[in-house]
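Novice: Next up is a structure, given as structure tokens.
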Amino acid sequence: MAATGPALPLVRLIEQFERLPGIGHKTAQRLAFHVLSLDKERAEAFAQAILDAHQQLHNCKICQNITDQEICPICADPTRDRSVICVVEDSKDLIALERTREYHGLYHVLHGLISPMEGIGPDQLYIKELLLRIGEGEVKEVIMATNPTVEGEATAIYLSRLLKPLGVRVTRLAYGIPMGGDLEYADEVTLFRALEGRSEL
């Protein structure tokens, strides 16, 4: 008697969802069955949205943010402060900072962090493009907004050493205790960052 199991198209669909970051087998299975429950029109719209994103999105030729235009809306906005560039790991971080509505300068997206363990070196990031922008002379400050991880810190330090000789001010985002957080549960690095980034009341 032949062994029974999920049909091959379903298996392939589950496998594709499993390849997404942070998606385990059970979640992939749930997503696959949800997609199967969609009517034909919604399923086609879902598939088309993925294809459209792949075909129409690319990097902004100035800041490397993901856009469907030659220049992204932030770089094209004449009201943004062009003397400040905030360096982020990827476009998700840019979106998070934009949500605060407190930052009015420009951005530069590296599309990764220096990580020798994963074989990622400076040449694989958009660092040359950042240096070209600084070389134009309009930028006075570069804010390092990489995550407070080993890779994020290493990337920030590496860039700082490259940028300071170019005559720009290099600053780092202050990281500290989150709202509602307890000091007793904070690790030493977080507490150090909180002290280092303290401000006047």
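Novice: Apply the Karplus curve 6.51 cos²θ - 1.76 cosθ + 1.60, θ = phi - 60°, to the phi angles in segment 89-99 and return the couplings in whole Hz, x for Gly and Pro.
Specialist: Once θ is set to phi - 60°, the couplings for segment 89-99 become 5, 8, 5, 5, 5, 4, 4, 4, 5, 5, 4 Hz.
Novice: Continuing with the same structure: How tilted is helix 40-56 with respect to the longest principal axis of the chain? Cα atoms for both, answer in degrees (0 to 90, nearest 10).
Specialist: Result, in degrees: 40.
Novice: Counting other C-beta atoms within 10 Å, and keeping those with at most 11, which DSSP coil trypsin sites (Lys or Arg not before Pro) do you find in segment 26-122?
Specialist: R101
Novice: Residue by residue through segment 121-126, what is 3J(HN,Hα) from phi via Karplus (6.51 cos²θ - 1.76 cosθ + 1.60, θ = phi - 60°)? Round to whole Hz and write x for glycine and proline.
Specialist: Ordered by residue, 3J(HN,Hα) equals x, x, 5, 8, 10, 8 Hz.
Novice: Let me ask something else. Pairs of alpha-carbon atoms within less than 8 angstrom and 6+ residues apart define the contacts here; what relative contact order does segment 1-158 have, in percent?
Specialist: Reported as a whole number, the value is 17 percent.
Novice: Across segment 5-124, what fraction of all alpha-carbon pairs, as a whole percent, falls in each successive 10 Å bin from zero upward?
Specialist: It works out to 11, 28, 27, 24, 8, 1, 0, in whole percents.
Novice: Here is a follow-up. Can you give the net charge of the other residues whose Cβ lies under 15 Å from the Cβ of T27, counting K and R as +1 and D and E as -1?
Specialist: Neighbourhood net charge equals +1.
Novice: Which ³J(HN,Hα) values in Hz, rounded to whole numbers, follow from the phi angles of segment 137-145 under the Karplus curve 6.51 cos²θ - 1.76 cosθ + 1.60, where θ = phi - 60° and Gly and Pro get x?
Specialist: Going residue by residue, I get x, 7, 7, 10, 9, 10, 9, 7, 10 Hz, with x marking Gly and Pro.
Novice: Taking the solvent-accessible surface of protein heavy atoms with a 1.4 Å probe, what is the per residue accessible area of the chain in Å²?
Specialist: Accessible area per residue, the chain: 69 Å².
Novice: Out of these labelled values of volume of the Cα convex hull per residue in Å³, (1) 221; (2) 115; (3) 133, which was calculated from the coordinates shown here?
Specialist: Matching the structure shown: (1).
Novice: Also, I was wondering about something else. Please give the solvent-accessible surface of F192 in Å², to the nearest 10, using a probe radius of 1.4 Å with every protein chain present.
Specialist: The value for F192 is about 120 Å².
Novice: Of the options L31, P9, G176, report the single residue whose Cα projects farthest towards the positive end of the charge dipole of the chain (beta-carbon charges: Lys, Arg +1; Asp, Glu -1).
Specialist: Farthest towards the positive pole: P9.
Novice: Considering only protein heavy atoms and a 1.4 Å probe, what is the carbon-and-sulfur percentage of the accessible area of the chain?
Specialist: C and S fraction of accessible area: 58 percent.
The values are calculated or read from the model by the stated rules, or taken from the named source; none is laboratory data. Source: prediction; values computed, not measured. Glycine gets a Cβ as well: all are built from the backbone with ideal geometry, and neighbour counts include every protein chain shown. Heads up: the accessible areas ignore ligands, DNA and RNA and are worked out on the full protein's heavy atoms, side chains in. Shrake-Rupley method; radii C 1.70, N 1.55, O 1.52, S 1.80 Å.
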